[in-house]
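Only the coordinates and a few stated rules stand behind these numbers; no lab work does. If you're wondering where the values come from, they're calculated on a predicted model, not measured in any experiment. Please note: Cβ atoms are built from the backbone with ideal geometry, for glycine as well, and neighbour counts cover all protein chains shown.
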Amino acid sequence: MWIGACGTDHAPQQLPLSYDGPADQVITVVADHPDATTATVLAWDRVPGGWRPALGPAPARVGADGIGPASEIDSRTPVGTWSLTEAFGYQSRDDLRLPYRHIGTSDWWVSDVSSPLYNTYYHCDSGTCPFDEDASENLGRAGFVYDQAVVIDYNRSPAIPGAGSAFFLHNTNDRPTAGCVAIPAANLRAIMRWLDPARHPVIAIGA
């Protein structure tokens, strides 16, 4: 059952994962065990006395190697809590409060561990980029999964080479991911409309 924000009349609850930070919006991604490749996503609003579910639950796919310490050499979704500060997608979106970048085939996420641009967005035409393109991700060529996506701010400030890059909340293709969190497109569309940078949203991932 998908809970809509207007239909939440639940008493305040505790989050299913530990969180004591300042965010007023939290997305929880909870797997049954660290090796699982599926999880459950819920979006939560802070209310007096605790938290109230705003959207969800939604089924999620996570890394093919489960949830835990992430790196560039495995397909694991990073365990922990990370801010959500920007979004992107191949589709045009004018209904969001989160900063949104409309992408094409000249838009990249740098996964070249030898580049000072590691784990950042970069715009360049294929064959002209100042990093190893084969070791990076062309966002505009990923297809449906990146029609819409939210950047998970794992390993970004500072970015530690090799600790993992390009982690997003994006549309699912019903298969385990390389480390991202993937949910049905309709659910993601609603979550992206709900996200408000003034409420300092985060995503908490665990098992």
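Can you give the local net charge around Val26? Use residues other than it whose beta-carbon is closer than 15 angstrom to its beta-carbon, Lys and Arg +1, Asp and Glu -1.
-2
Given Cβ point charges of +1 (Lys, Arg) and -1 (Asp, Glu) and nothing else, what value in debye, to the nearest 20, does the dipole of the chain about its Cα centre take?
580
Can you tell me, using C-alpha contacts under 8 Å and at least 6 residues apart, the relative contact order of the range 56-176 as a whole percent?
28
Computed over the Cα atoms, what is the radius of gyration of the range 134-182 divided by 2.2 N^0.38 Å, N being its residue count?
Ratio of Cα Rg to 2.2 N^0.38 Å: 1.17.
From the mean inverse distance of alpha carbon pairs (Kirkwood) and the Cα radius of gyration, derive Rg over Rh for the range 100-172.
Rounded to two decimals, Rg/Rh equals 0.94.
Taking the convex hull of the alpha carbon atoms in the range 1-131, what volume per residue do you get, in Å³?
Once divided by residue count, the hull of the range 1-131 is 155 Å³.
Taking a temperature of 10 °C and a viscosity of 1.306 mPa s, what whole-number D in µm²/s does Stokes-Einstein yield for the range 77-205 with Rh from Kirkwood over alpha carbon pairs?
Estimated via Stokes-Einstein, D reaches 106 µm²/s.
May I ask for the net charge around Gln148, where only other residues with Cβ less than 12 Å from the Cβ of Gln148 are counted and Lys, Arg are +1 while Asp, Glu are -1?
Summing Lys and Arg as +1 and Asp and Glu as -1 gives +2.
For the pair Ala178 and Phe144, how long in nm is the line joining their label points, each one 7 Å along Cα→Cβ?
Each label point lies 7 Å from its Cα, and together they span 1.9 nm.
I'd like the Karplus ³J(HN,Hα) series for the range 100-106: coefficients 6.51, -1.76, 1.60, θ = phi - 60°, whole numbers in Hz, and an x wherever there's a Gly or Pro.
10, 10, 7, 9, x, 7, 9
Expressed as a whole number of Å, what is the distance separating the alpha-carbon centroids of the range 40-68 and the range 116-153?
Taking the Cα centre of each part, the range 116-153 and the range 40-68 sit 26 Å apart.
Beyond 20 Å, what share of the Cα-Cα pairs of the range 58-150 remains, rounded to the nearest whole percent?
47
Go ahead and estimate [θ] at 222 nm for the chain from helices alone: -39,500 (n - 2.57) per DSSP H run with n ≥ 4, summed, over the residue count, rounded to 500.
My calculation for the chain gives -1500 deg cm²/dmol from helical runs alone.
Among Gly162, Gly63, Gly89, whose mean-square fluctuation peaks in a Gaussian network model of the chain (Cα, cutoff 10 Å)?
Gly162
Tell me the net charge near Glu72. Cut-off is 15 Å between Cβ atoms, Glu72 excluded, with +1 for each Lys or Arg and -1 for each Asp or Glu.
Net charge around Glu72: -4.
Let me know the Rg and Dmax you get for the range 19-96 when you use only its Cα atoms, in Å.
In order Rg, Dmax, the Cα atoms of the range 19-96 give 14.5, 43 Å.
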